[in-house]
């Protein structure tokens, strides 16, 4: 038994050494190296270099989801919203079920005021996940902005139910109830918004109107 244990230990050691040698001799994949360099450049506030690290390998990695979504983010930070939209859109094509990519795409679209396309994306997200917080919150806020208070209530209620301690659902749903004439609920929600964000002018304004 002792002899068997010794042989087993020696065998496992040989396997581990074999993998260690192979790992040390491997050349890192170019996309791993470039992606990590891009992150370092972004951390150092050098967005142009962060982009270039990925652009240098893009031709051979056009269908890589991570590279496309990261370029979408980097170009958004650079305020090149057309380029940002292009790469986020490519990420959506590569992975149509990615909520992450669809939410990312709303960033440059918002900057370009393409609200109809943004609403489409939020509806697409809700088909994938009916309870998605961001999609419900933003759709509700869009309807609130357009004075469609019943639809605003529909989506904001879902966001609030999922995250009742978050500031934005309390504030937006509070104003929605105010416009719908339910002052008791409006007061409760706007008070909570003020609890979560001290001296918030929008919550204070709503409470003054109710009183």
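The values are calculated or read from the model by the stated rules, or taken from the named source; none is laboratory data. Since we're looking at a predicted model, the values are computed, not measured. Positions of Cβ are backbone-derived with ideal geometry, glycine not excepted, and every protein chain shown enters the neighbour counts.
For residues in region 191-206 being closer than 9 Å to residue 174 by Cβ and more than 27 Å from the chain's Cα centre (by Cα), which is modelled with the lowest pLDDT?
206
Kindly indicate whether any position in region 53-70 is without any contact (Cβ under 8 Å) to a residue 40 or more places away in the chain and under 25 Å from residue 139 (Cβ atoms).
So the first thing to find is which residues in region 53-70 are without any contact (Cβ under 8 Å) to a residue 40 or more places away in the chain, and the list is 53-70.
Imposing the further condition that a residue be under 25 Å from residue 139 (Cβ atoms) reduces the set to 69.
Checked against the condition, which is being without any contact (Cβ under 8 Å) to a residue 40 or more places away in the chain and under 25 Å from residue 139 (Cβ atoms), region 53-70 yields at least one hit.
If you check 174, 140, 181, which single one turns out to be over 30 Å from residue 61 (Cα atoms), assigned to a loop (DSSP other than H, G, I, E, B), over 16 Å from the mean Cα position of the chain (by Cα) and at pLDDT 95 or above?
Result of the check over 174, 140, 181: 181.
Would you tally the residues in region 47-82 being under 18 Å from the mean Cα position of the chain (by Cα) and assigned to a helix (DSSP H, G or I)?
Looking only at that region, the number is 14.
Could you go through region 158-167 and let me know if any residue there is closer than 30 Å to residue 45 by Cβ, out of contact with any strand residue (DSSP E or B) (no Cβ under 8 Å at 6 or more places or on another chain), in the same structural domain as residue 50 (by TED's automatic domain parsing) and modelled with pLDDT of 95 or more.
no
Going residue by residue through region 55-71, is there one that turns out to be in contact with a helix residue (DSSP H, G or I) (Cβ under 8 Å, 6 or more places away or on another chain), buried (at least 22 other Cβ atoms within 10 Å of the Cβ) and within 28 Å of residue 145 (Cα to Cα)?
no
The conditions are (1) at positive phi; (2) assigned to a helix (DSSP H, G or I), and residue 113 fails exactly one of them. Which is it?
Only one criterion in (1) at positive phi; (2) assigned to a helix (DSSP H, G or I) is unmet by residue 113, namely (2).
Give 81, 122 a once-over and let me know the one that is crowded, with 20+ Cβ neighbours inside 10 Å and in the same structural domain as residue 35 (by TED's automatic domain parsing).
122 is the lone residue from the list that is crowded, with 20+ Cβ neighbours inside 10 Å and in the same structural domain as residue 35 (by TED's automatic domain parsing).
Select from region 192-208 the residues that are part of a helix (DSSP H, G or I) and out of contact with any helix residue (DSSP H, G or I) (no Cβ under 7 Å at 6 or more places or on another chain) and list them in ascending order.
195, 201, 205, 208
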